[in-house]
Amino acid sequence: AKNAGKNRYRFFDEEMNRSQLRKLLLEKDLRKAMIHEEFKIMYQPKWDTGTNRLVGMEALLRWQHPQLGLVSPGEFIPIAEDTGIIVPLTRWILTEVCAQNKRWNDQNDMHVSISVNMSIRVFESGLLYEMVTEALHASGLPGGRLELEITESIAMSDVIDTIRQLHTVRELGVKVSLDDFGTGYSSLGSLDELPVDTLKIDQTFIRKSNQTPKQAIISNIITIARNLNMEVVAEGVETSEQIEFLQSRGCHVMQGYYYGKPMSVTDISSWLKHTQS
Ligand code: C2E
Ligand code: CA
Ligand code: CA
Ligand code: CA
């Protein structure tokens, strides 16, 4: 028994080391990944069930590591934030997304807004306005076709400065969404003071939208959005039951696997043809 305990301890130790080693390796390789063009941006549709039209897309980052294969953003974004790489990375994403959206505007007559996820680090860097204007100018994309997705945690840290920075980009026409809404701890009492255009209902609520308590929360989020003159988007929509429920409560814009997974630029083209036929 004594030996087993010892082995278990050693096993645990090795597991720890393995995950720490992986983190160190990812941290080291993240610096090279941008130069080596290992990042890829995927686009996930936002569908308006009221008008039956594509109304937007969310840009979601992928990292194809040369040895480890696909690394999920859930794993590498926190490391990119810790190391500060997230700031130049977000600059690159903004530039790519705006250029791609302009191409879709011009070549495919597709006029939607594309959202980019914003880390708290970008606000702390104070570079948001510069990065956004640069990406818009370089591409020629109108500001109204770019959207930033922020979470409640961003709004909580240095709320005065965050609001100030959000106002500066909104003057360019850029839209702001509050992501994962309902999961954070920010006070509802100051939601009306945030320069936000859209509330995104978190997917954990949608997943359980067959349960009465979650239905109550979803309904309330939709009501709050309506009363504050904000749009509302449901994310993580996977089933027709979820769609029916959301529509019955007045939410018509949906994002989720039911409509489309995050797709490459090439796959978006065929997806578009498929939905138009
Ligand atoms: P998020 O912003 O909440 O993005 C939604 C996540 O849900 C995405 O995971 C998306 O692929 C996934 N998803 C969408 N529809 C469905 C569905 O119907 N069912 C299920 N099960 N999942 C669905 P992903 O792409 O792995 O991204 C995870 C998180 O990583 C994002 O959560 C976001 O917080 C972060 N992230 C991704 N790309 C970026 C980026 O470019 N910058 C920053 N700062 N964060 C990013
Ligand atoms: Ca998001
Ligand atoms: Ca989300
Ligand atoms: Ca999330």
Full extension between Arg170 and Leu228 adds, at 0.36 nm per residue less the Cα distance, a length in nm of 19.2 nm
For the chain, the dipole about the Cα centre with charges only on Cβ (Lys and Arg +1, Asp and Glu -1), to the nearest 20 debye, works out at 880
When Rg is the radius of gyration of the Cα atoms in the stretch 161-277 and Rh is its Kirkwood radius, what does Rg/Rh come to?
1.01
Name the longest site-free stretch of the chain, where the excluded sites are chymotrypsin sites (Phe, Trp or Tyr not before Pro) in a DSSP loop with no more than 14 other beta-carbon atoms within 10 Å.
1-184
Set Lys and Arg Cβ to +1 and Asp and Glu Cβ to -1, take the dipole of the stretch 46-127 about its Cα centre, and tell me which of Gln64, Ser125, Thr83 lies farthest positive.
Gln64
Approximate spin-label separation Ser248-Asp106, in nm, with each point projected 7 Å along Cα-to-Cβ
4.8
So for the chain, taking the charge dipole from beta-carbon charges (+1 Lys/Arg, -1 Asp/Glu), which of Ile93, Ile206, Thr168 sits furthest toward the positive end?
Ile206
When every protein chain stays in place and a 1.4 Å probe is rolled, Glu124, Glu134 sorted by accessible area with the largest first are Glu124, Glu134
Please give the per residue volume of the convex hull enclosing the alpha carbon atoms of the chain, rounded to a whole number of Å³.
175
Kirkwood Rh in Å, taken over all unlike Cα pairs in the stretch 73-225
16.5
Could you check how much of the accessible area of the stretch 197-277 is carbon and sulfur, as a whole percent, using a 1.4 Å probe?
47
Roughly how many percent of the accessible protein surface of the stretch 54-106 is carbon and sulfur, given a 1.4 Å probe and a whole-percent answer?
54
What do you get for the angle between helix 2-33 and the principal long axis of the chain? Use alpha-carbon atoms, 0 to 90 degrees, nearest ten.
50
With the other protein chains left in place, how much accessible area per residue, in square angstrom, belongs to the stretch 123-200 at a 1.4 angstrom probe?
45
At R0 = 35 Å the Cβ-Cβ FRET efficiency linking Arg22 and Ser269, nearest 0.05, sits at 0.50
So how much slack lies between Met34 and Thr83, counting 0.36 nm per residue of separation and subtracting their Cα-Cα distance, in nm?
16.3 nm
Residues whose built amide H sits under 5 Å from the amide H of Met263, excluding neighbours closer than 5 in sequence, are Tyr43, Gln44
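Which whole number of Å³ per residue matches the convex hull of the alpha-carbon atoms in the stretch 24-123?
Enclosed volume per residue, from the Cα hull, is 118 Å³.
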If you plug each phi of the stretch 34-51 into the Karplus form 6.51 cos²θ - 1.76 cosθ + 1.60 with θ = phi - 60°, what whole-Hz ³J(HN,Hα) values come out, in order, with x for Gly and Pro?
5, 5, 7, 6, 8, 8, 9, 9, 9, 10, 10, x, 10, 10, 8, 6, x, 9
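The values are calculated or read from the model by the stated rules, or taken from the named source; none is laboratory data. Just so it is clear, the structure is predicted and the values come from calculations on it, not from any experiment. A quick note on method: Cβ atoms are made from the backbone with ideal geometry, for glycine too, and the neighbour counts reach across all protein chains shown. Heads up: the accessible areas ignore ligands, DNA and RNA and are worked out on the full protein's heavy atoms, side chains in. Shrake-Rupley method; radii C 1.70, N 1.55, O 1.52, S 1.80 Å.
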